[in-house]
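A quick write-up on the structure given underneath.
The values are calculated or read from the model by the stated rules, or taken from the named source; none is laboratory data. Here the structure is a predicted model, which is why all the values come from computation and not from measurement. As a convention, Cβ positions derive from the backbone with ideal geometry for all residues, glycine included, and neighbour counts pool all protein chains shown. SASA here: full protein model, heavy atoms, side chains in, ligands and nucleic acids out. Shrake-Rupley method; radii C 1.70, N 1.55, O 1.52, S 1.80 Å.
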Amino acid sequence: MPIQPTAKIWHNGNLIPWEKAQIHVMSHVVHYGSSVFEGIRCYAQPQGAAIFRLTEHMQRLLDSAKIYRMPLAYSLEQLSNAVVSLVENNGVAPCYIRPIALRGYGEMGVSPKGTPTEVFIANYPWGKYVPGDEGADVCISSWSRMAPNTLPALAKAGGNYLNSQLIRMEADNNGYSEGIALDVFGNLSEGSGENLFVVRNGVLYTTPLANSVLSGITRDSVLTIARHLSIPVVEQAMPRELLYIADEAFFTGTAAEVQSIRSVDRITIADGAVGPITRKIQEEFMGIAHGLRPDRFGWLTQVNVNSNQPVAV
């Protein structure tokens, strides 16, 4: 989906015009993928708009930077306030928010020593990420997730997503909406940009963090919602074939939200329809995000923006 520019981008503490948010081609990040980033959604609500789990997202940005030894000059509170300020100044909601910290222009070489760290935050309108309104048709990718102790899967880093690009491009080229990667041991890991859930005999399963998965904010939200709804939850390693005999399966992620999976490798999951557990979780998740159900977990940060889209009940 093409990016729709907004008026301002936050850069190192200041709001600057969208077109002025530029870096030099010789910046470290261009050559070595040295960035950490986040994806956050701001949802339309009946009385304005709200950012979903802002604090948790910005803490993960700080955590990713710490893992990659990338010093940031801003606190959790400063970064969170910057997001709110940007969204309110641009006056665009609903929207997608992209904070990114990167190694800039300084010295050349694999070592980032001598390169400054820059922080940008942008927001813009963005719609559905994974195609398939009634469920996505996906495949098991020929590409595996990175092995433990090679790249840190808990860091949401730019360089890590080269692997994701290969997974997604392969799926696209073969006519699928998305690809699912296995880990180095042949167990299920995650999609190119989504965590994975499987339902079998009324139990909700998901791959643990040790299977080279990102510690997803939406993943955590779904686990919290499932427990609130008294749905049994198990985090364990899962073989590929469990997907073929699953009762339900779905992706989670900020971009994907809660996206049902209809088939895997041309094998239809159950009857191909969105399953009852997936539906319950979708309705609770979207209901909270859109302000139609109580914010019982304290996930929403209100922003002073009048949404330009109606909220569906």
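Quick notes on this one:
- Members of the stretch 158-184 found to be among the hydroxyl-bearing types (Ser, Thr, Tyr), open to solvent by 30 Å² or more (accessible area, probe 1.4 Å) and more than 16 Å from the chain's Cα centre (by Cα), listed by number: TYR176
- Residue match in the stretch 289-307 (condition: under 17 Å from GLY191 (Cβ atoms), open to solvent by less than 10 Å² (accessible area, probe 1.4 Å) and of a type outside the set (Lys, Arg)): no
- Test: residue in the stretch 109-116 that is farther than 25 Å from LEU54 by Cβ, part of a loop (DSSP other than H, G, I, E, B) and in contact with a strand residue (DSSP E or B) (Cβ under 7 Å, 6 or more places away or on another chain): yes
- Here GLU134 fulfils each of the conditions (1) more than 30 Å from TRP18 (Cα to Cα); (2) surrounded by 15 or more Cβ atoms within 10 Å (Cβ to Cβ); (3) at pLDDT below 95 apart from (2).
- Where strands (runs of 3 or more DSSP E) sit wholly within the stretch 1-98, those with at least 3 residues that are surrounded by 16 or more Cβ atoms within 10 Å (Cβ to Cβ) occupy 8-11, 35-37, 40-45, 48-52.
- Exclusive hit being outside any strand (DSSP E or B) and surrounded by 18 or more Cβ atoms within 10 Å (Cβ to Cβ), set ALA246, ALA237, ALA273: ALA246
- Filter result for LEU166 (assigned to a strand (DSSP E or B), at pLDDT 95 or above and over 17 Å from VAL264 (Cα atoms)): no
- Cβ-Cβ under 9 Å pairs, at least 6 apart or on other chains, the stretch 154-170 side at negative phi, far side among the polar types (S, T, N, Q) and assigned to a helix (DSSP H, G or I): LEU154/SER64; ALA155/SER64; LYS156/SER64; ALA157/SER64
- Residue in the stretch 123-140 that is more than 26 Å from SER177 (Cβ to Cβ) and out of contact with any Lys or Arg (no Cβ under 6 Å at 6 or more places or on another chain) present: no
- Residue that is within 25 Å of THR55 (Cα to Cα) and touching a strand residue (DSSP E or B) at 6+ places or on another chain (Cβ under 6 Å), where the choices are PRO125, PRO152: PRO125
- Identity of the residue in the stretch 199-210, out of contact with any helix residue (DSSP H, G or I) (no Cβ under 6 Å at 6 or more places or on another chain) and open to solvent by less than 10 Å² (accessible area, probe 1.4 Å), that ends up farthest from ARG262 (Cα to Cα): THR207
- Residue list for the stretch 148-157, filter: under 13 Å from the mean Cα position of the chain (by Cα) and either farther than 20 Å from PRO99 by Cβ or part of a loop (DSSP other than H, G, I, E, B) (or both): LEU154, ALA155, LYS156
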